[in-house]
1. How large is the helix-only mean residue ellipticity at 222 nm for the chain, computed as the sum of -39500 (n - 2.57) over DSSP H runs with n ≥ 4, divided by its residue count, in deg cm²/dmol to the nearest 500?
2. Grab the range 140-184 and count how many Lys pairs have their alpha-carbon atoms under 21 Å apart, sequence gap of 8 or more, or different chains.
3. Roughly speaking, to the nearest percent, how much of the range 88-192's 1.4 Å accessible area is carbon and sulfur?
4. Tell me the chymotrypsin sites (Phe, Trp or Tyr not before Pro) within the range 135-192 that lie in a loop according to DSSP and have at most 13 other beta-carbon atoms within 10 Å.
5. If I ignore ligands, DNA and RNA and count only protein heavy atoms, how much of T151 is accessible to a 1.4 Å probe, in Å² to the nearest 10?
6. When the Debye formula is applied to the Cα atoms of the range 1-137, each taken as the same point scatterer, what base-10 log of I(q)/I(0) results at q = 0.11, 0.14, 0.17 Å⁻¹?
7. Could you list the GluC sites (Glu not before Pro) in the range 95-179 that lie in coil according to DSSP, counting only those with at most 13 other Cβ atoms within 10 Å of their Cβ?
8. Using modelled amide H (1.01 Å from N, peptide plane; none on Pro or chain starts), what sits under 5 Å from the amide H of I167, excluding residues fewer than 5 places away?
Amino acid sequence: KGKVQTLVVWKIDRFARNVADHFNVKATLLKYGVRIVSVTEPIDANPEGKLMETILAGFAEFDNEIRAVRSVQGMRRKIQNGIFPWKAPLGYKSSTINGEKKNEPDQPDQPLFGLLQKAWQEFATGAYTKAEMLRLMTGWGCITRKGKPMTAQSLDSFFKNRFYAGILIDPWSGQEHKGKHLPMVSHEKFAL
């Protein structure tokens, strides 16, 4: 009790990813008698050390924000080029393996793709309600990625997702772009 412990960090700009978090965590640790010391940077209690610590924490935040902006720009470019940058929707499989970046459109995941395509065809006739479609699709063996039957909510999302009609939506601007993936349903049947 009462003894001050020391937390040694290699680089202060890796301690936290923004200035507020840096100083909040530092204050919390100090309450428990732990002080932060950097192996590579001259941070200490004198004015120069405090300034250096603030500058380094600021650069960490700046670097983090630049990475976020570049990440969003990359995803937007993919969408504009017709590639869905996220996990492939139900009925499709990603064209990548081991977490590499997507450069090719998602591919149909058979036999589920065919079953879901059949569901679009049946629903477009207007002969079935969504509840009836859910029962029908469950009978066909349509299941989610987790191996569970679709719910009313997941079916509703399925019938509203424009990806299935070959349309990608930029979530930052709301703009539509033509996807390079094989559509599951035509624009006409999707609009019904």
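1. -14500 deg cm²/dmol
2. Number of lysine pairs found: 4.
3. Values: 3350 of 6230 Å².
Taking all protein chains in place, the range 88-192 shows 54 percent carbon and sulfur surface.
4. Taking the range 135-192 and a limit of 13 other Cβ atoms within 10 Å, the loop chymotrypsin sites (Phe, Trp or Tyr not before Pro) found are W172.
5. Its accessible surface works out to 70 Å², give or take rounding.
6. Computed log10 I(q)/I(0) values: -0.67, -0.79, -0.95.
7. Working: sites: E100, E122, E132, E176; in loops: E100.
Taking the range 95-179 and a limit of 13 other Cβ atoms within 10 Å, the loop GluC sites (Glu not before Pro) found are E100.
8. When sequence neighbours closer than 5 places are left aside, the close amide H contacts are G179.
The values are calculated or read from the model by the stated rules, or taken from the named source; none is laboratory data. Just so it is clear, the model here is predicted, and its values are computed rather than measured. Glycine gets a Cβ as well: all are built from the backbone with ideal geometry, and neighbour counts include every protein chain shown. Remember, those area values only see protein heavy atoms, side chains included, never the ligands or the DNA or RNA. Shrake-Rupley method; radii C 1.70, N 1.55, O 1.52, S 1.80 Å.
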